[in-house]
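A.B. asks: Quick one: the structure is below, questions incoming.
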Amino acid sequence: MTRLVRLFLAQRLKTRLAYRLDFAINAVGDVLLAGVGLVFLGTLFAHVDALGTYTRAEVLFCWGFAETVVGLFFVAFQGLWVLNQRYIVGGDLDRVLLRPIDPYAQVLLDNVSWEDLPIAVLGAAVMAAAAPGLGDVPAWHWALLPVLLVSGACVLGGVLTAVCSAGFHLHHRGTAVGLVFQLSTFTRYPIDLFALPLRLLLTWGLPLGFAGFYPASFLMDRPEWHAYALAQPFVGAAVLALGYGAFRFGLTRYASTGS
């Protein structure tokens with residue numbers, strides 16, 4: 001299975017590099033689009049010293065963390081954006097189901113978006129630049145950073161897999177994926193800056209807060225949120241498992257195009 005994954009990833013990279021200019025334009029465009037938020041924060045902190053009780057370094061670190069998670073999510077879960085239109089309605093799922101490999105893994109591996117990796121690099125660079133302003137953070141907190149980042153991508157992937165799987169039942173090209181993903185924008189900033197209903201939604205409804213602020217707070221001097229941060233890897237695993245379960249259940253409702 002490991003060898004198959006390597007082959008899928010290598011083949012996907014070769015496919016994208018066949019059109020290198022297109023690959024480069026997409027990569028640069030995605031980074032520029034992601035940088036809009038950074039420009040906004042730079043403009044904001046040119047006029048204020050803090051956002052609520054959060055310092056400039058904390059807000060920037062939170063933004064960088066969430067942006068890194070989004071970049072990893074785009075790389076690994078880009079197949080979700082085309083699941084309905086290409087695979088379910090378009091019938092490409094017929095081809096996937098003929099292979100002796102898990103269909104969900106194939107959908108993701110067929111659409112790995114290497115050109116979105118610079119988004120994660122941008123986020124990591126912002127985190128590194130903001131880290132000295134966070135104070136004395138224990139070394140073991142930093143050791144958990146890779147786990148928190150990957151778990152954050154799993155949270156986004158699980159939530160959006162569940163949303164996309166509605167396409168098996170609705171048989172419609174469009175889903176609420178874009179709308180749900182836009183909610184993750186709020187997790188780039190300290191969650192207690194928002195109204196209580198939104199905080200509850202991002203924590204217990206669609207747990208997107210675990211993809212951004214909650215794990216980022218573990219690397220700040222914010223002990224009131226550390227319990228949420230420590231629970232995040234388990235939330236990531238659970239949400240991704242639920243999303244996968246929704247996908248597998250949706251497969252039982254899939255009707256081939258007959259082509």
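A.B. asks: Just flag the chymotrypsin sites (Phe, Trp or Tyr not before Pro) in the range 1-38 sitting in loop per DSSP whose Cβ has no more than 11 other Cβ atoms within 10 Å.
C.D. replies: 19
A.B. asks: Using only the Cα atoms of the range 139-220, build the gyration tensor, take square roots of its eigenvalues as a ≥ b ≥ c, and label the shape rounded, prolate or oblate: rounded if a/c is under 1.5, else prolate if a/b is larger than b/c, else oblate.
C.D. replies: Oblate, because a/c is 1.5 or more while a/b does not exceed b/c.
A.B. asks: Under a Cβ-Cβ cut-off of 14 Å, what is the net charge of the residues other than residue 37 that fall near it, where Lys and Arg count +1 and Asp and Glu count -1?
C.D. replies: Charge balance in the 14 Å sphere: -1.
A.B. asks: Still on this structure, I have one more. Can you give the net charge of the other residues whose Cβ lies under 12 Å from the Cβ of residue 165, counting K and R as +1 and D and E as -1?
C.D. replies: Every neighbour counted, the sum reads +2.
A.B. asks: Continuing with the same structure: Taking the beta-carbon count within 10 Å as an exposure proxy, list 1, 127 from fewest neighbours to most.
C.D. replies: Starting with the residue having the fewest Cβ neighbours, the order is 1, 127.
A.B. asks: HN-Hα J couplings of the range 66-83 from phi, Karplus 6.51/-1.76/1.60, θ = phi - 60°, integer Hz, Gly and Pro as x?
C.D. replies: Here the 3J(HN,Hα) series is 4, 5, 5, 4, 4, x, 5, 4, 4, 4, 8, 10, 4, x, 5, 5, 10, 4 Hz.
A.B. asks: Sticking with this structure for a sec: Per DSSP H run of at least 4 residues, take -39500 (n - 2.57); add these up for the chain, divide by its residues and hand me the 222 nm value, nearest 500 deg cm²/dmol.
C.D. replies: -20000 deg cm²/dmol
A.B. asks: At q = 0.09, 0.14, 0.16 Å⁻¹, work out log10 I(q)/I(0) for the chain with the Debye formula, treating every Cα as an identical point scatterer and leaving solvent out; two decimals please.
C.D. replies: Log10 of I(q)/I(0), two decimals: -0.43, -0.98, -1.22.
A.B. asks: Further, regarding this structure: Residue by residue through the range 112-126, what is 3J(HN,Hα) from phi via Karplus (6.51 cos²θ - 1.76 cosθ + 1.60, θ = phi - 60°)? Round to whole Hz and write x for glycine and proline.
C.D. replies: Computed from phi, the couplings for the range 112-126 are 4, 9, 4, 5, 8, 4, x, 4, 5, 5, 4, x, 5, 5, 5 Hz.
A.B. asks: Quick one: dipole size for the chain, taken about the Cα centre, charges +1 on Lys/Arg Cβ and -1 on Asp/Glu Cβ, in debye to the nearest 20.
C.D. replies: Once rounded to the nearest 20, the dipole reads 880 debye.
A.B. asks: Set Lys and Arg Cβ to +1 and Asp and Glu Cβ to -1, take the dipole of the chain about its Cα centre, and tell me which of 246, 69, 15 lies farthest positive.
C.D. replies: The listed residue farthest towards the positive side: 15.
Values in this text are rule-based calculations from the coordinates and carry no lab data. It should be emphasised that the depicted structure is a prediction, and the values quoted were computed from it without experimental measurement. With ideal geometry, Cβ positions are generated from the backbone for all residues, glycine too; neighbour counts draw on all protein chains shown.
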